[in-house]
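K.L.:
Let me give you the structure first, and then I'll get to my questions.
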Amino acid sequence: MCKVVAYFRVSTDGQGRSGLGLAAQREAVSKLCQSRGWHIVAEFTEVESGKRSDRPQLREAMHRAKVTGATLVVAKLDRLSRSVAFLSTLQDSGGRFIAADMPEANELTVHIMAAVAQAERKAISRRTVEALAAAKARGTKLGNPNGAAALRRAAKGNVAAVETVKANADERASDLAPVVADIRAGGATSLPAIARELNERGIVTPRGGKWYPSSVRNLLARMAA
């Protein structure tokens, strides 16, 4: 039986506390291992950006895999790293790893996927910097706590910045959809009841605060859009 060390990563403390993202990763790795009769000997979870390669939990996971003769398994390639250099170093070191979303990928495929992910990350970073610089040059006050709505009201919102806020909100709504469905299935269907359940589960709003009926209403509207 093949031994496996599972590594999970989320990019924010909020995701780590709420479990959002982690559940999906665990399910993907678990399904792969069950389908192939693999045994998970250890699990490591990290809250850290994929840009960084100096991640202690990943280092521990790689060490455990090495000393136990296990294979490192992640849900998706970007859970390891978006850096071509990092993945190449990992491959050159002899460390075996598999991504559950493409378990048959060979070294060339992994290298190409990493290169594409790295290029995408750089492009996103460049567009963000350019959008913020353009907004600042026009006199837009950055860091508005009210997000896209306030930017639109002030008629100063940079299109790219507004779209970024909207995209983040849409992604958050998508992540929360199964959680809300589970809450409703448990009998909590009113806005106050859903807000109470979200707060009791330790799930924060996109801005990191508590849930109220009004914020739940906005969430449901975004989920239905």
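K.L.:
Out of 128, 189, 109, 140, which single residue is within 19 Å of the chain's Cα centre (by Cα) and either at pLDDT below 70 or over 22 Å from residue 24 (Cα atoms) (or both)?
P.N.:
Numbers: 189 fails: within 19 Å of the chain's Cα centre (by Cα); 109 fails: within 19 Å of the chain's Cα centre (by Cα); 140 fails: within 19 Å of the chain's Cα centre (by Cα).
Of 128, 189, 109, 140, the one residue that is within 19 Å of the chain's Cα centre (by Cα) and either at pLDDT below 70 or over 22 Å from residue 24 (Cα atoms) (or both) is 128.
K.L.:
Got a number for residues in the stretch 1-57 being modelled with pLDDT under 85 and in a helix (DSSP H, G or I)?
P.N.:
The number of residues fulfilling the criteria is 7.
The values are calculated or read from the model by the stated rules, or taken from the named source; none is laboratory data. Because the structure is a prediction, the values reported are computed rather than measured.
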